[in-house]
Amino acid sequence: MITFSATKRSEQSEIMDSFDLKGEEMKLLLTDLKVVNSLLGGTSITLDGIEKLLQDIPKSQTITILDIGCGDGELLRKCAIFGKKLGYTFKLLGVDANEHILEEAALRSSKYNNITFQQIDVFSEEKSLPSADITLCTLFLHHFKNSAIVNLLQRAANVAKVGVVVNDLQRSAWAFNLFKLFSSVFIKTKVARHDGLVSIARGFTKEELQQMTKKIKGCTSTVHWKWAFRFQWILKKKHP
């Protein structure tokens, strides 16, 4: 039974958080997630955030973008197309802890010579995050507790020269109930239907994001609500 609370983030686990997820089940789940993002426009929120951070960067400069929790690399492939369209040269790196998903990511991204992947548990104290101009966290942070999120975003901001773009879910009863209807029509796998509801229950209110912002040093912050029930949270580095 998946429960929803307007006042408190759920601590229920998502099935896809298991590092053992692999094979055909994993491929079907990744395809379902691609359908969700395509129909609900989730990727455009991240791309818009990148464009905002690119305003002060000359197009002659190669821009390194790091995607934390990259999954099958779908966002990075969208970034590659987006950067080429705008006339930028992107160097794209995706990191994830699940080696099986990264193997699939490499296969799906084989036509893109500016995308690479690296297996990293971003919460391991033994592993440092690669440096980048812009760091991305898309539909990733809701998997974790607030204290872990603040710690990760501080580290992400520390290695980013320009800033961090977060794209994540609003915890909303409307979103929770509408997803039930949406998933019954458009989503094939039980795992994606289950995890989608858990994700929304683990999502955020704007006030919760603003409270976390106060704990992250060296950045200015903006939080904007976006359709469909998402937040675009941009942390821009302060420079002397």
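Using the Kyte-Doolittle scale, find the helices of the chain whose mean hydropathy is at least -0.5 and whose Cα atoms extend 24 Å or more along the helix's long axis, counting only whole DSSP H runs.
23-40
On a C-alpha basis, how far is the centre of segment 143-159 from the centre of segment 167-219 in Å? Whole number, if you could?
The distance from the Cα centre of segment 143-159 to that of segment 167-219 comes to 18 Å.
Rounded to whole Å and ordered largest first, report the semi-axes of the equivalent ellipsoid of the chain derived from its Cα gyration tensor (root of 5λ).
Over the Cα atoms of the chain, the ellipsoid semi-axes are 26, 22, 17 Å.
Packing-wise, with mean Cβ within 10 Å as the measure, how do 54-67, 168-181, 91-104 rank, highest first?
Taking the mean over residues of other Cβ atoms within 10 Å, the ranking is 91-104, 168-181, 54-67.
Need one number: the % of Cα-Cα pairs in segment 184-240 sitting beyond the 19 Å mark.
The share of Cα pairs beyond 19 Å in segment 184-240 comes to 47 percent.
Against the 2.2 N^0.38 Å scaling, with N counting residues, where does segment 85-142 land? I'd like the Cα-based Rg ratio to two decimal places.
1.23
Quick one: divide the alpha-carbon radius of gyration of segment 63-199 by 2.2 N^0.38 Å and tell me what you get.
1.12
Values in this text are rule-based calculations from the coordinates and carry no lab data. Computed from a predicted structure; not experimentally measured. Heads up, the Cβs are rebuilt from the backbone with ideal geometry, glycines too, and the neighbour counts pull from every protein chain shown.
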